[in-house]
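Below is one structure, written out as structure tokens, with a few remarks after it.
The values are calculated or read from the model by the stated rules, or taken from the named source; none is laboratory data. Keep in mind the model is a prediction, meaning the values are calculated, not measured. FYI the Cβ positions are ideal-geometry reconstructions off the backbone, even for glycines, and counts take in every protein chain you see. These accessible areas exclude ligands, DNA and RNA; they are computed on the full protein's heavy atoms, side chains included. Shrake-Rupley method; radii C 1.70, N 1.55, O 1.52, S 1.80 Å.
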Amino acid sequence: MLWQPESQEKIDWYAFVIAFKGVLLEGLEIAFIVVTFGAEANQVGRAAVGAVAALVVVGGIAFLIRGWLSRIPREWLRFAVGLLLATFGMFWAAEGALVRWPGGDLALLGLLAVMAATAFAYLALLRQNATTNRTGL
Amino acid sequence: MRYITAFLTFWYHFIVGDDWTIAASIAVAIAVTFWLVQSKIQAWWLLPAVAILTLGVILWRAARAE
């Protein structure tokens, strides 16, 4: 089912606080990442400039395609964001443990593919389980 | 005191999240990965394997609870 935009006449404060908390948390994560990468390369200034440029580009693209984005089902957005966060999180956590990934940074793509395949496999199993429970077969 | 509790709760939810067993599994996996790397053993596969297994277990638990 597609999400239907609600009336914008009044602010939903509950939704506002949830969205604010989400943006704050993600912003904090980005700050951690930028400072970590910048400090490691001794280039905090350049890392900050890169982060601001990324913010402008991503924000601009999101603004341009906001109509299309608002039609994507929320569950699929969560699914995609979860996949990306899990992939990047695992990649960096392993690097933090001094792992050398086969293929270097390109391993991110392989990791994303593995996580996507796993997620879709679990999704299929859950659907099958739900169907079995419903029909009693 | 209320503010301190709220502050600590925020960080608990930020770092640990809804299920502490997932956070614990990943923390142990990172520690074992580090230990394997220090022992000159390839360990890049360990974290994805633990994540996939942990995800399967929590989904199975959630599906059974319903």
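How compact and how long is the range A:71-137, expressed as Rg and Dmax of its alpha-carbon atoms in Å?
15.9, 49
What's the longest piece of chain A with no exposed GluC sites (Glu not before Pro), counting a site as exposed if DSSP puts it in a loop and it has at most 16 other beta carbons within 10 Å?
After excluding every exposed loop site, the longest remaining stretch is A:10-137.
So which residue, out of A:V57, A:V81, A:V17, gets the largest mean-square fluctuation from a GNM of chain A using Cα contacts under 10 Å as springs?
Ranking A:V57, A:V81, A:V17 by mean-square fluctuation puts A:V17 first.
Considering only protein heavy atoms and a probe of 1.4 Å, how much of the accessible area of the range A:83-137 is carbon and sulfur, as a whole percent?
69
Could you point to the residue in A:G96, A:V44, A:L123 farthest towards the positive end of the range A:30-129's charge dipole, with +1 and -1 charges on the Cβ of Lys/Arg and Asp/Glu respectively?
Towards the positive end, the residue furthest out is A:L123.
Starting from the Cα gyration tensor of the range A:10-113, multiply each eigenvalue by 5, take the square root, and state the resulting semi-axes largest first in whole Å.
28, 19, 14
Per-residue Cβ counts within 10 Å, from other chains only, averaged over B:56-63: what number is that?
That average works out to 3.
Sort the following peptides by mean Cβ neighbour count (other Cβ atoms within 10 Å, averaged over residues), highest first: B:37-43, A:59-65, A:33-39.
Result, highest mean Cβ count within 10 Å first: A:33-39, B:37-43, A:59-65.
Gain in length, A:Y14 to A:F63, computed as 0.36 nm per residue apart minus the alpha-carbon separation, to one decimal in nm?
Full extension of this stretch gives 15.4 nm more.
Please identify the longest segment of chain A free of exposed trypsin sites (Lys or Arg not before Pro), where exposed means a DSSP state other than H, G, I, E or B and no more than 15 other Cβ atoms within 10 Å.
The reported range is A:11-70.
Suppose the Debye formula is applied to equal point scatterers at every Cα of chain B; what is log10 I(q)/I(0) at q = 0.12, 0.17, 0.21 Å⁻¹?
One equal scatterer on each Cα of chain B leads to -0.46, -0.74, -0.88.
Within 10 Å of each Cβ in A:92-103, how many Cβ atoms from other chains are there, averaged over the peptide?
Across A:92-103, the average partner-chain Cβ count within 10 Å equals 5.
Given points 7 Å out from each Cα along the Cα-Cβ axis, report the A:W76 to B:Q38 separation in nanometres with one decimal.
Here the answer is 4.6 nm between the modelled labels.
Give me the accessible area buried between chains B and A, both sides summed, with a 1.4 Å probe, in Å² rounded to the nearest 100.
Summing both sides, the interface buries roughly 1700 Å².
Which helices count as membrane-span-like in chain B under these terms: full DSSP H, at least 24 Å along the axis by C-alpha, Kyte-Doolittle mean of -0.5 or more?
B:20-38, B:46-65
Subtracting the Cα-Cα distance from 0.36 nm times the residue separation, let me have the gained length for B:D18 to B:W45 in nm, one decimal.
Gain on extension, B:D18 to B:W45, equals 7.2 nm.
Determine the shielding of peptide A:53-66 by partner chains: average, over its residues, the number of Cβ atoms on other chains within 10 angstrom of each Cβ.
Counting other chains' Cβ atoms within 10 Å and averaging over A:53-66 gives 0.
Would you mind getting the accessible area per residue of chain B, heavy atoms of the protein chains only, 1.4 Å probe, in Å²?
75
Under the rule of -39500 (n - 2.57) per DSSP H run of 4 or more residues, summed and divided by the residues of chain A, what mean residue ellipticity at 222 nm is obtained, to the nearest 500 deg cm²/dmol?
Calculated at 222 nm, the ellipticity per residue is -26500 deg cm²/dmol.
I want to verify the translational diffusion coefficient of the protein assembly as shown in µm²/s; compute it with Stokes-Einstein, Rh as the Kirkwood radius over Cα pairs, at 4 °C and 1.567 mPa s.
Answer from the Stokes-Einstein relation: 64 µm²/s.
Around A:L108, under 15 Å between beta carbons, what's the net of Lys plus Arg minus Asp minus Glu among the other residues?
Around A:L108, the charge tally is -1.
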